[in-house]
Each structure stands twice: as C-alpha cells, then as structure tokens.
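A.B. asks: I am attaching a structure below and will ask some questions about it afterwards.
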Amino acid sequence: MNMPNKFVNNLTDENIMKLEQLWQTSSNFRLRNRSQAILLSFQRVPIDEIAKICNVGRDAVSSWINRWETGGYEGLSDQPKSGRRPTLSKKEALKAGKIALQVPPRPARRLSAIEKKIGKRASRGMLKRMLKKNVVGNESNEEKPVSATNESFVAQGEN
C-alpha cells in the first residue's frame, strides 16, 4: 500500500545552509538526524526512505516535519524532559564530594559539613550516589575509578 507523503516545501537558501551546518557539525546526534531529515524531505525523498536513513519510525519523521513547519529550528531541538531537577548543580556536587572526602567518614558529619559550606541540604542517599558515581574528580568525564578515601584525589582538585 502506498503511504501518503508530506514534504517540506519552502526552505530559503539561508535555511538550507544552516540545516546543512547543523547536520554536519552539531554535537547533538538527534539535532543532526532531524536536520538531515528536513533537508531530505525538501529534496522530495519519501518519509519511508527518510525513516530508513535516519533509523527511526515513519511517525517520528512526520513529527519532525510538523515541528519544523510550526517551530523552525527550535522545533528540531529536544523538548524539556519531565522529572525532578537535581538538588545540587554539577559544580555544587563536585564541591560537596570534595568536602565529603575531607571530613571523617561518618555520613552525618559529611552531610553537616556539606550543608554548612554549600548551604543546601543533601540526603544520605544523595551523598552515597555522589561518591559511588565518582562525581568528584571526574570533571573531564574520564573513566577513572576513584576511591572515596584517595587523598591524592582531593589534592588534584585543588589545582
């Protein structure tokens, strides 16, 4: 059965250039994928073929085209996700982890020190996850396991 198609009809040269730039240089994979889909749709490539190229479903491509037509470049970006925002920012989590490593290994003392120095209350679970995930010291997202008792680790963060 031949499925109906819809195409992006009116792209300016400026739009084409910006979409090509997003497609080729964006660090966000989803944005690159969606930009390519809009360009292919403008070239009259059927939705089914775009879906195969982008490795997504037909409905996703159709949704991207609709979002482009209603929202332009903003329509191609990811929408805000639901869920609770983190209690501590990345900087605060890093600072809290360093504080926790400098205090004797008693959760209540660590939490008290964090609250005094940062001004935000952290739970035991949050402290445990922070230390377990090695938030402290992984500023550059390196895949190094970090021990919670490693003193050289604290000195490294002070540079």
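Just so it is clear, none of the values below were taken in a lab; they were calculated from the coordinates. Fair warning: this is a prediction, and the values are worked out from it, not measured in the lab. Methodologically, a virtual Cβ is constructed for each residue, glycine included, from the backbone with ideal geometry; neighbour enumeration extends over all protein chains shown.
A.B. asks: Based on the Cβ-Cβ distance of N9 and R85, what FRET efficiency does E = 1/(1 + (r/R0)^6) give at R0 = 41 Å, to the nearest 0.05? Mind dumping the intermediate values first?
C.D. replies: Working: r = 39 Å, r/R0 = 0.96.
For R0 = 41 Å, the calculated efficiency reads 0.55.
A.B. asks: Out of W23, I38, N55, whose Cα points farthest toward the positive end of the dipole of region 13-76 (charges: +1 Lys, Arg; -1 Asp, Glu; placed on Cβ)?
C.D. replies: Most positive-ward Cα: N55.
A.B. asks: Return the sequence-ordered ³J(HN,Hα) values of region 20-29 in whole Hz as given by the Karplus equation 6.51 cos²θ - 1.76 cosθ + 1.60 applied to θ = phi - 60°, using x for Gly and Pro.
C.D. replies: Values per residue, Gly and Pro as x: 5, 5, 4, 4, 8, 10, 5, 7, 8, 4 Hz.
A.B. asks: Another question, if that's okay. At a 10 Å Cβ-Cβ cut-off, how would you order M130, M3, fewest neighbours first?
C.D. replies: Working: M130 20, M3 8.
Starting with the residue having the fewest Cβ neighbours, the order is M3, M130.
A.B. asks: While we're here: Please report the orientation-averaged projected area of region 13-76, defined via the convex hull of its C-alpha atoms, in nm².
C.D. replies: Details: hull surface 15.4 nm².
For the Cα atoms of region 13-76, the hull's average projected area reads 3.9 nm².
A.B. asks: Another one. Could you line up F7, F29 from fewest to most neighbouring Cβ atoms inside 10 Å? Don't jump to the answer; show the numbers that get you there.
C.D. replies: On the way: F7 14, F29 8.
Ranked by crowding around the Cβ, least crowded first: F29, F7.
A.B. asks: Starting with the highest mean, order 49-56, 86-93, 38-45, 103-110 by the number of other Cβ atoms within 10 Å, averaged over the residues of each peptide. Write down the numbers at each step before the final one.
C.D. replies: Numbers: 49-56: 15.4, 86-93: 13.9, 38-45: 18.0, 103-110: 12.4.
Put in order of decreasing packing, that is 38-45, 49-56, 86-93, 103-110.
A.B. asks: How large is ³J(HN,Hα), in whole Hz, for each residue of region 122-133 in order, when computed from phi with the Karplus curve 6.51 cos²θ - 1.76 cosθ + 1.60 and θ = phi - 60°, using x for Gly and Pro?
C.D. replies: Going residue by residue, I get 10, 8, 4, x, 5, 4, 4, 5, 4, 6, 5, 6 Hz, with x marking Gly and Pro.
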